[in-house]
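The structure under discussion appears below in the form of structure tokens.
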Amino acid sequence: MDRTLEPEVMDNEEEAMEYDAMDFKEVNRDFALLVSEITPQNSLILDLGTGTARIPIIFSQMRPDCQIRAIDLAPSMLKIAQKNIDLARKNSQIKLELADSKKLNYEDNSFDVVMSNSLVHHIPNPFDLFQEIDRVVKPEGKVIIRDLLRPTSSQEVIDIVAQANLDYSPRQKQLFQDSLHASLTIEEVKTIIHKLQWQKVNIYQSSNRHWTLEKN
């Protein structure tokens, strides 16, 4: 199945609220735990495509020693993210910024860890994103990326959404389907990593609908 792009930025207040209401608690905690386990003490973390900041909040609770810069290109997402951070009382640890993950204003080699969950499928040319990650992470830094895995057919997309048995509204289910259509395959991710000449990288299927990349 060919990749079908979806809008890069979900900057619609209604859709941002729909997204924040979707139940990702289990997968968010799993991803935050993975990042926390490989993150050195007192690290500076960059979270790309933070959305409503659910993952940075969970991570900050696991690792109060770290500082997090969480960015997104959608003001509507960041508005909800700030409310979530205020509610969690994590303002001193998590700083939000409106920014394009493909064109960051940070200096080279700025971050100990770069993490991203469910951003890659929004990017028309994912190589641009990976190239910018390569620039801002320290030479000895770590990169953790997780995203949806593109199925082989439209029917498989329908099956995955149905089997997930999620309590989603019709709009939330459509967003999920669109994201699966826009996601990458593991081979496509490996091609990008080959171009970047990254070493010590593990790319694997981490669930029936996700791939994960770990660079140590």
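With N denoting the number of residues in segment 22-99, provide Rg(C-alpha) divided by 2.2 N^0.38 Å, to two decimal places.
This ratio for segment 22-99 stands at 1.00.
Starting at the first residue of segment 61-68, write each ³J(HN,Hα) from the Karplus equation 6.51 cos²θ - 1.76 cosθ + 1.60 with θ = phi - 60°, in whole Hz, x for Gly and Pro.
Using θ = phi - 60°, the values come out as 6, 6, 10, x, 7, 9, 10, 10 Hz.
Between the alpha-carbon centers of segment 75-102 and segment 122-201, tell me the distance in whole angstrom.
Comparing the Cα centres of segment 75-102 and segment 122-201, I get a distance of 22 Å.
To the nearest 10 square angstrom, how much accessible area does residue 62 have with a 1.4 angstrom probe?
Per-residue accessible area (residue 62): approximately 60 Å².
Could you give me D for segment 76-165, from Stokes-Einstein at 10 °C and 1.306 mPa s, where the hydrodynamic radius is the Kirkwood radius over C-alpha pairs? Units µm² s⁻¹, please.
The calculation lands on 101 µm²/s.
Want the number for residue 103 to residue 201: 0.36 nm per residue separation, take away the alpha-carbon distance, what's left? Mind showing how you got there, number by number?
Details: separation 98, 0.36 × 98 = 35.28 nm, distance 2.34 nm.
My answer for the length gained is 32.9 nm.
Express in % the proportion of alpha carbon pairs of the chain at distances exceeding 26 Å.
30
Take the solvent-accessible surface of the protein heavy atoms, probe 1.4 Å, and return the percent of it on the chain that carbon and sulfur atoms account for.
47
Over the chain, average the accessible area per residue using a 1.4 Å probe and give it in Å², no decimals.
Per residue, the chain has 49 Å² of solvent-accessible surface.
Based on the Kirkwood radius over alpha-carbon pairs, what is the Stokes-Einstein translational diffusion coefficient of segment 135-195 at 20 °C with 1.002 mPa s viscosity, in µm²/s? Please list the in-between numbers first.
Working: Rh = 13.7 Å.
Stokes-Einstein gives a translational diffusion coefficient of 157 µm²/s.
What relative contact order, as a whole-number percentage, does segment 72-186 give when Cα pairs under 8 Å and 6 or more residues apart are counted?
Computed over segment 72-186, the figure is 25 percent.
Please give the FRET efficiency for residue 163 paired with residue 5, using the beta carbon to beta carbon distance and R0 = 30 Å, rounded to the nearest 0.05.
After rounding to 0.05, the efficiency reads 0.75.
In a Gaussian network model over the chain where Cα atoms closer than 10 Å are linked, find which of 86, 112, 100 has the largest mean-square fluctuation.
The residue with the greatest mean-square fluctuation here is 86.
What's the extension gain from residue 127 to residue 154 if we count 0.36 nm per residue and subtract their Cα-Cα distance?
Using 0.36 nm per residue and subtracting the Cα-Cα distance, I get 7.2 nm.
Based on Cα coordinates alone, diagonalise the gyration tensor for segment 97-216, multiply each eigenvalue by 5, take square roots, and list the semi-axes in whole Å, largest first.
Values: eigenvalues 159, 50, 29 Å².
Over the Cα atoms of segment 97-216, the ellipsoid semi-axes are 28, 16, 12 Å.
Aspartates and glutamates within cross-link reach of residue 195: Cα-Cα under 12 Å, excluding same-chain residues under 8 positions apart?
Result set, ordered by chain and number: 128, 134.
Output the relative contact order of segment 137-216, whole-number percent, from Cα pairs under 8 angstrom with separation of 6+ residues.
Details: 90 pairs, mean separation 37.5, N = 80.
Computed over segment 137-216, the figure is 47 percent.
Give the aspartates and glutamates reachable from residue 83 as a straight Cα distance under 20 Å; neighbours fewer than 8 places away on the same chain don't count.
11, 13, 14, 15, 18, 20, 23, 47, 72, 97
Probe 1.4 Å, all protein chains in place: accessible area of residue 137 in Å², nearest 10?
Result for residue 137: roughly 10 Å² accessible.
Report the antiparallel proportion of the DSSP beta bridges in the chain as a percent, rounded to a multiple of 5.
35
Averaging sequence separations of C-alpha pairs under 8 Å and six or more residues apart, then dividing by the length of the chain, give the relative contact order as a whole percent.
Relative contact order for the chain comes out at 22 percent.
Could you tell me which of the pairs 79/102; 79/142; 79/103; 25/79 are separated by over 23 angstrom between their Cα atoms in the structure shown?
With Cα atoms farther than 23 Å apart: 79/142.
The values are calculated or read from the model by the stated rules, or taken from the named source; none is laboratory data. Keep in mind that this is a model prediction, so the values were computed, not measured. Don't worry about glycine lacking a Cβ; one is built from the backbone with ideal geometry, like all the others, and counts go over all protein chains shown. Note: areas computed on protein heavy atoms with side chains; ligands, DNA, RNA excluded. Shrake-Rupley method; radii C 1.70, N 1.55, O 1.52, S 1.80 Å.
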